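One structure is given here, and the rest of the page talks about it.
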Amino acid sequence: MTVLAGGEFERTFLNVPKAELGGLIKEYIAECNHSDWEGFTTQEKHAISSFLRDILLYWEHSEKDFATKRTTTNPVD
């Protein structure tokens with residue numbers, strides 16, 4: 001597996017189509033739940049949990065049309 005630098009990480013994920021990225025995230029979370037997040041430290045699990053809570057908070061306070069919305073801050077198709 002290739003480890004990406006900060007900017008490469010962002011560019012790589014911005015190039016993934018929205019629907020594919022959403023499906024990937026849902027599949028990844030389901031698989032990690034199935035394997036009880038094996039291999040992650042307690043600190044890593046806390047960071048992941050905080051990240052996912054932040055995403056949910058963002059979603060709860062948004063217009064919720066991420067599949068079709070295109071803005072200057074979200075130019076991803």
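The values are calculated or read from the model by the stated rules, or taken from the named source; none is laboratory data. Here the structure is a predicted model, which means the values were calculated and not measured. Don't worry about glycine lacking a Cβ; one is built from the backbone with ideal geometry, like all the others, and counts go over all protein chains shown.
Annotations
- Odd one out for LYS18, checked against (1) touching a residue at least 12 places away in the same chain (Cβ under 8 Å); (2) surrounded by fewer than 10 Cβ atoms within 10 Å (Cβ to Cβ): (2)
- Residue in region 54-66 that is in a loop (DSSP other than H, G, I, E, B), modelled with pLDDT under 90, surrounded by 11 or more Cβ atoms within 10 Å (Cβ to Cβ) and charged (D, E, K, R) present: no
- A Cβ distance below 7 Å, combined with a sequence gap of six or more or placement on separate chains, defines the contacts here; from region 64-76, residues that are under 16 Å from GLU10 (Cβ atoms) reach residues that are of a type in the set (Lys, Arg) and at pLDDT 70 or above in the pairs VAL76/LYS18.
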